[in-house]
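A short write-up of the structure that comes next.
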Amino acid sequence: MIPPHALIGMIHLQPLPGSPRARLSVDEICARAAQEARLLAGAGFDALMIENMHDAPYINAPHPPETVAVMTAAALAVRQAVPDLPLGVQVLSLGGREALGIALAAGGSFIRVENFVFAHVADEGLMPTAQAGDLLRARRAMGAESIRIFADVQKKHASHAITADMPVGELARAAEFFGAEAVIVTGLSTGDPASLDDLRAVRQATRLPVLVGSGVTPQNIAEVFRWADSAIVGSFYKKDGRWFNPPDPQRAAELVKAARQARKARAKPSPPGSLRTPRTTKGAKRGNPSHG
């Protein structure tokens, strides 16, 4: 279970076999992921994720078997290294079904889904179809309903001109109506801070847990935790704060210290969107402003 105001460390796996920058063996990829997991757990992070960020340029699903196989091996290595922390999975790009399978095989707790509702144009190309319908049916068929879906309301590295007439709060309501268990607010690209206006709008629009998915630092985490239930961090704790660099133990410890101070300052009962609060049918109906 992910506690309120959690720090979720995003482990960017080294380039996977078949991707343009691949250079390490499967054993080396898994060993590095496990080492980073131990570092983050030792620093005091509350949960972990794995993602194939180094596989750029990304391809859209369906993904080749070598991607799924090696990500599963890496997830299992992380679970073995740090068995007590919740584990999430994201597969770039549009790999919701693959992420579900990996999480199911490795004992994961959640997946991150970019294109859960609506369509957009990303650096991978046009993403014309929302994943929600197929993904929830796949989750039921797999018997994987214990794995929660965390949905981005506006994917990073993308243009949202297609949905420019939709306020961000309405996008969050749609994700709730379609069955997400949490929503994620991000900046324009990896490492960019989320707009506080967007964060406030999403917080006020949905009963779901709200996470911030980029740009979290010791300097802004107190304000982030004012509106968000948790934060996904994959840049700040790396050397020089750049996502593609190796992890820096001092930066990880600095972020954890700031998060603990922010929690202490806000010590009070969790908001309605706490990640400890299960999603209910009533909450899903509330997210239906225009259907039915």
Notebook entry, point to check: Once the Cβ-Cβ distance between residue 119 and residue 1 is put in as r, and R0 is 30 Å, what FRET efficiency do you end up with, to the nearest 0.05?
Noted result: 0.35
Check: Is region 6-286 best put as rounded, prolate or oblate by its Cα gyration tensor, with a ≥ b ≥ c the root eigenvalues, rounded for a/c under 1.5, and otherwise prolate when a/b is larger than b/c, oblate when not?
Finding: rounded
Checklist line | Total formal charge among the other residues, if their Cβ is under 15 angstrom from that of residue 84, Lys/Arg +1 and Asp/Glu -1 | finding: +1
Next item on the list: Return the sequence-ordered ³J(HN,Hα) values of region 113-124 in whole Hz as given by the Karplus equation 6.51 cos²θ - 1.76 cosθ + 1.60 applied to θ = phi - 60°, using x for Gly and Pro.
Entry: 10, 7, 10, 5, 10, 6, 10, 7, 10, 10, 5, 7
Check: Taking amide H positions as placed 1.01 Å from N in the peptide plane, with prolines and chain starts having none, which residues 5 or more places from residue 182, or on another chain, fall under 5 Å of its amide H?
Finding: 149, 151
Check: How about region 196-250: which trypsin sites (Lys or Arg not before Pro) there lie in a loop by DSSP and see at most 12 other Cβ atoms within 10 Å?
Finding: 242
Next item on the list: Kindly write out, for region 39-45 in residue order, the coupling ³J(HN,Hα) from the Karplus curve 6.51 cos²θ - 1.76 cosθ + 1.60 (θ = phi - 60°), rounded to whole Hz, with x marking Gly and Pro.
Entry: 4, 5, 5, x, 6, x, 5
Checklist line | 222 nm mean residue ellipticity, helices alone, for the chain (DSSP H n ≥ 4; -39,500 (n - 2.57); rounded to 500) | finding: -11500 deg cm²/dmol
Check: Once amide H atoms are built 1.01 Å from N in the peptide plane, which residues 5 or more positions from residue 194, or in another chain, come under 5 Å H to H?
Finding: 187, 214
Notebook entry, point to check: What share of the DSSP beta bridges in the chain is antiparallel, in percent to the nearest 5?
Noted result: 20 percent
Check: For region 214-224, what does the Karplus curve 6.51 cos²θ - 1.76 cosθ + 1.60, with θ = phi - 60°, yield as ³J(HN,Hα) per residue in whole Hz, taken in order and with x for Gly and Pro?
Finding: 6, x, 7, 9, x, 6, 10, 5, 5, 6, 4
Next item on the list: State whether region 88-130 is rounded, prolate or oblate according to the following rule on the C-alpha gyration tensor (a ≥ b ≥ c being the square roots of its eigenvalues): a/c under 1.5 gives rounded; otherwise a/b larger than b/c gives prolate, and the remaining case gives oblate.
Entry: prolate
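We did not get these values from a lab; they are worked out from the coordinates using the rules stated. Please read these numbers as outputs of a predicted model, since none were measured by experiment. So basically every Cβ, Gly included, is an ideal-geometry build from the backbone, and we count neighbours across all protein chains shown.
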